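Shown next, in structure tokens, is the structure this report addresses.
The values are calculated or read from the model by the stated rules, or taken from the named source; none is laboratory data. All figures in this text were calculated on a predicted structure; none of them were measured in a lab. As a convention, Cβ positions derive from the backbone with ideal geometry for all residues, glycine included, and neighbour counts pool all protein chains shown. Just the protein is used for accessible areas: all its heavy atoms, side chains included, with ligands, DNA and RNA removed. Shrake-Rupley method; radii C 1.70, N 1.55, O 1.52, S 1.80 Å.
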Amino acid sequence: MVTSVQLPQWLDNLLFEQLGAKYCRSNADMTVIDWDKNDVLNYLGTYFPRSYTESYCIFYEFFNNYPNHFVDKEEISIFDFGCGTGGEIIGLLNAISECLLQINTVHVVAMDGNHHSLRLFENVIAEYTTRTRLCISHRIMPLTIDDFYDLHVMNSVLAGNFDIFMSFKAICEFVTKERFEQQNAYTHIANTFLPRINNDGIMVLVDVSTYNNVSQEWLPMMMDEGIRHSPCRVALRNEGYNQTFTVTHQKRTNDISKIAWRIIQKL
């Protein structure tokens, strides 16, 4: 499996020279939804490249392990729950462009509660559309999820189903904020959105592999427990406790991230 990536030069320049991204690593339990513009620029330079790398590598692996998946489709739809600045979306789009040559149109819905992040994502996706063979339409959904009711409302206003549902390092924030009280956040996300993916669709859950101080549990264990209580099967996952990815860009050489990831399909 490919696990090391050089950030594309155009993207490197866009992030650090045009958008003002900063590299500033933090190991604390993050609640990105509350961050101001400066915090988000730190995130853009530190975690966007990692999310890009993780997403590109994970989807590249899946598309090569399942070469006939989506083979009958010429267009594909994506929903990103907690997209942030959109690193995982760009990583996925690059994997689609390289691996799924029959796909020519991609529809993206990107949901997040931080308006600064969404504005930066708009800049990135606008530039990406000028550099890809794919025809891309996108819609942002600025929405904060505070509890079960908000999750239900969001689900009710979504139009149609999706081929790919993904959430990259966002559910951990719901755990830290106790958005779903003491209940397993991964179970609620999976049970809410599995019915919204197409029959051949996939759900990709990615999160940090740390110990969460609020839930007092290791997040990969919470993720697996949540999946066990959902009507799905695991199609592909990392081996062991977590997986290490590295990305190189102008601010850092071989920057390391460690995550747990699962690709699931509904039963």
Subject >> Accessible area per residue in Å² at 1.4 Å probe, computed on region 17-128 >> reply: 37
Original post:
How about residue 177: which lysines have a C-alpha closer than 23 Å to its C-alpha, ignoring those fewer than 8 places off in the same chain?
Top reply: 37, 169, 258
**OP:** Enter the accessible area of residue 257 (Å², nearest 10), with the probe set to 1.4 Å and all protein chains included.
**Re:** 10
Original post:
Under 5 Å between amide H atoms, partner at least 5 residues away or on a different chain: which partners does residue 143 have, H built in plane at 1.01 Å?
Top reply: 112, 113
Subject >> Whole-number D in µm²/s for region 189-267 (Stokes-Einstein; Kirkwood sum over Cα pairs; 25 °C, 0.890 mPa s) >> reply: 176
**OP:** Determine the sum of side-chain charges near residue 18: Lys and Arg each +1, Asp and Glu each -1, restricted to other residues whose C-beta is under 12 angstrom from that of residue 18.
**Re:** -3
**OP:** Enter the Cα centre distance for the pair region 170-215 and region 61-95, rounded to the nearest angstrom.
**Re:** 19
Subject >> Built amide H within the under 5 Å cut-off of residue 210, gap 5+ >> reply: 219
**OP:** For the chain, calculate the relative contact order in percent as a whole number, restricting contacts to Cα pairs under 8 Å that are 6 or more residues apart.
**Re:** 20
**OP:** Pull out the extension gain between residue 218 and residue 74, defined as 0.36 nm times the separation in residues minus the alpha carbon to alpha carbon distance; nm, one decimal.
**Re:** 47.9 nm
Subject >> Cβ-based net charge around residue 122, under 13 Å, with every Lys or Arg adding one and every Asp or Glu removing one >> reply: 0
**OP:** Starting from the amide H of residue 201, placed 1.01 Å from N in the peptide plane, find each other amide H under 5 Å away whose residue is 5 or more places distant or on another chain.
**Re:** none
Subject >> Projected area averaged over orientations for region 154-197, convex hull of C-alpha atoms, nm² >> reply: 3.3
Original post:
Among all the lysines, which ones have a C-alpha under 18 Å from residue 251's C-alpha, if same-chain residues fewer than 8 places away are not counted?
Top reply: 22
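Could you please tell me the mean projected area of the C-alpha convex hull for region 125-267, averaged over all directions and given in square nanometres to one decimal?
Spelled out: convex hull of the Cα atoms, projected over all directions, averaged, 10.5 nm².
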Original post:
How big is the chain by Rg and Dmax over its Cα atoms, in Å?
Top reply: 17.0, 46
Subject >> Ordering of 82-95, 175-188, 102-115, 140-153 by packing [mean C-beta count within 10 Å, highest first] >> reply: 82-95, 102-115, 175-188, 140-153
Subject >> Relative packing of peptides 54-64, 8-18 - highest average C-beta neighbours within 10 Å first >> reply: 54-64, 8-18
Original post:
In whole Hz, what ³J(HN,Hα) sequence does region 216-228 give by Karplus (6.51, -1.76, 1.60; θ = phi - 60°), x for Gly and Pro?
Top reply: 6, 9, 6, 4, x, 5, 4, 4, 5, 5, x, 5, 4
**OP:** Using every Cα-Cα pair within region 2-152, state what percent have a distance larger than 25 Å.
**Re:** 29
Subject >> In Hz, Karplus ³J(HN,Hα) per residue of region 140-156 (6.51, -1.76, 1.60; θ = phi - 60°; x = Gly, Pro) >> reply: 8, 10, x, 8, 9, 9, 9, 6, 4, 5, 4, 5, 5, 5, 4, 4, 6
